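Chemist: Before we start, here is the structure in question, set down as structure tokens.
The values are calculated or read from the model by the stated rules, or taken from the named source; none is laboratory data. This is a predicted model, so every value here is computed, not measured. FYI the Cβ positions are ideal-geometry reconstructions off the backbone, even for glycines, and counts take in every protein chain you see.
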Amino acid sequence: MTDRFVHISHLTKRFGDHTAVRNVSFEVPRGSTLALLGPSGCGKTTILRCLAGLETPDGGTIEIAGIPVFDSAQRIDLMPEKRELGIVFQSYAVWPHMTVAENVAFPLKVRGMGKAERLERASRMLDIVGLKGFEHRSATLVSGGQQQRIALARALVAEPRLVLFDEALSNLDAQLREQMRLELRLLQERLGFTAIYVTHDQAEAFGLADTVVLMNQGAIETMGPARDVFRRPATPFVARFFGLNVLEATLLGRIEGTPYVEVALGAHLTTRARAGSGLVASVGDPVLACIRKEHVRVEQAPMPDSYAGTIEAASFLGVAEEYIVKIDEIAIRATRPAAGFARGDSVHVGMSPDDWIVLQPGETA
Ligand SMILES: Nc1ncnc2c1ncn2[C@@H]1O[C@H](COP(=O)(O)OP(=O)(O)OP(=O)(O)O)[C@@H](O)[C@H]1O
Ligand SMILES: [Mg+2]
């Protein structure tokens, strides 16, 4: 048996006739990290709120540390404060009328700990999050990033075994967000708590979590180790979410298990490809051919097996540039080291057979 610390089984939550969370099951091993990733409105926050006891699910069970905290059949629904977890929200919810130390010590005050001890522990936690010396400052007289650290220290001060983060880094500027991502990972390893991160930002999910659960309209679309989820998109929804080009194609056949497809691109591109999971198409069936933007080459001169196209849009990203290239009527996206092409330029587009993935068109295609 795995040492699962959180176990959610068949969780369902409805708001009126809208099902926000649909039959969701996953587990999180003790001391590991999981990210709930997905577009706006897919149910991430609702799952977190159900875990925390801030929302009552319509069905399913939630177990934390082997203890059922919610079970619809058994009518178990533990109060939030009995679930012993820490939460960090996007809005830091730092209390303005308290000092930094009082903010951090507050959860300990609620638990009835004496003043000297709780301020001592708050001080230690502030040191850990890099706010040593800020104890007596008014909590509103610090920057957004520092308020975020106060909220983090407050969530961790009672040494919860489980910490929930809801878009906790979203309000920070890009540089601070990256720094906090690294620090949070180190802190999590050092303190050993189990963490669930809710985010719509894939970089954050991959940077913070061992396991990624990608949600689509209240249900789990795919889940697994972060690397696998990213490298092998399981469905067209996943491929689109991670920004791959998803093009209509036809399955021509298989040679020793390797699919060959004809992609509806220019005068039709025939290529070998890698079969994605769940590919059941027969010869002649429509499939979807996917390729990462980073794998699409854009050059001025023709390359072997390349296609002539026109730059439709160019956007400068600093080190790289993103292009939309039109090949006849089909648009394909490419991310390249800045090459300086501009709208209207004639270019050649090259794609290697090794980089194509074929997926079964699904309901969400
Ligand atoms: N209290 C509520 N009453 C009615 N509908 C709600 C309520 N809370 C959430 N919803 C709906 O449930 C769905 C899921 O919402 P949720 O907040 O979980 O999404 P999310 O994945 O966290 O999105 P975001 O990335 O925008 O925060 C949405 O359609 C939302 O409008
Ligand atoms: Mg949300």
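Chemist: Which condition breaks for T56 when tested against (1) of a type outside the set (G, A, S); (2) crowded, with 17+ Cβ neighbours inside 10 Å; (3) assigned to a loop (DSSP other than H, G, I, E, B)?
Modeler: For T56, the exception is condition (2).
Chemist: Determine which member of the set T211, T222, T235, T199 is polar (S, T, N, Q) and within 16 Å of ligand 2 (Cβ to nearest atom).
Modeler: T199
Chemist: Next question. Among the listed residues E27, E84, E63, identify the single one that is more than 14 Å from ligand 1 (Cβ to nearest atom), at pLDDT below 95, of a type in the set (D, E, K, R) and out of contact with any helix residue (DSSP H, G or I) (no Cβ under 7 Å at 6 or more places or on another chain).
Modeler: E84
Chemist: Picking from A331, A289, A314, A281, which residue would you name as being surrounded by fewer than 17 Cβ atoms within 10 Å (Cβ to Cβ) and either of a type in the set (G, A, S) or assigned to a loop (DSSP other than H, G, I, E, B) (or both)?
Modeler: Unique residue meeting the criteria: A331.
Chemist: So, restricting to strands (runs of 3 or more DSSP E) that lie completely within segment 149-259, which ones have at least 2 residues that are without any contact (Cβ under 8 Å) to a residue 60 or more places away in the chain and of a type in the set (V, I, T)?
Modeler: Once the strands (runs of 3 or more DSSP E) in segment 149-259 are filtered for at least 2 residues that are without any contact (Cβ under 8 Å) to a residue 60 or more places away in the chain and of a type in the set (V, I, T), what remains is 245-255.
Chemist: The conditions are (1) under 26 Å from L51 (Cβ atoms); (2) part of a loop (DSSP other than H, G, I, E, B), and A105 fails exactly one of them. Which is it?
Modeler: (2)
Chemist: Okay, next question. Out of all the residues in segment 129-149, is one or more under 30 Å from the mean Cα position of the chain (by Cα) and either modelled with pLDDT of 90 or more or within 16 Å of ligand 2 (Cβ to nearest atom) (or both)?
Modeler: no
Chemist: Another question, then. Which ones in segment 136-156 are surrounded by fewer than 24 Cβ atoms within 10 Å (Cβ to Cβ) and either among the small types (G, A, S) or outside the structural domain of E178 (by TED's automatic domain parsing) (or both)?
Modeler: Listed by number, the residues that qualify are S138, A139, S143, G144, G145, A155.
Chemist: Using the structure shown, decide if V21 is in a strand (DSSP E or B), within 13 Å of ligand 1 (Cβ to nearest atom), touching a residue at least 12 places away in the same chain (Cβ under 8 Å) and in contact with a Ser or Thr (Cβ under 8 Å, 6 or more places away or on another chain).
Modeler: For V21, the condition - in a strand (DSSP E or B), within 13 Å of ligand 1 (Cβ to nearest atom), touching a residue at least 12 places away in the same chain (Cβ under 8 Å) and in contact with a Ser or Thr (Cβ under 8 Å, 6 or more places away or on another chain) - is met.
Chemist: Same structure, new question: Looking at segment 34-54, can you tell me whether even one residue there is modelled with pLDDT of 95 or more, more than 16 Å from ligand 2 (Cβ to nearest atom), in contact with a strand residue (DSSP E or B) (Cβ under 6 Å, 6 or more places away or on another chain) and not hydrophobic (A, V, I, L, M, F, W, C)?
Modeler: No, the conditions are met nowhere in segment 34-54.
Chemist: Still on this structure, please answer the following. So the check is Cβ under 8 Å with 6+ separation or different chains; which pairs have a first residue in segment 90-113 that's closer than 29 Å to K44 by Cα and a second one that's within 16 Å of ligand 1 (Cβ to nearest atom) and part of a loop (DSSP other than H, G, I, E, B)?
Modeler: Note: pairs meeting the criteria are Q90/E167; Q90/A168; Q90/S170; Q90/N171; S91/N171; Y92/N171.
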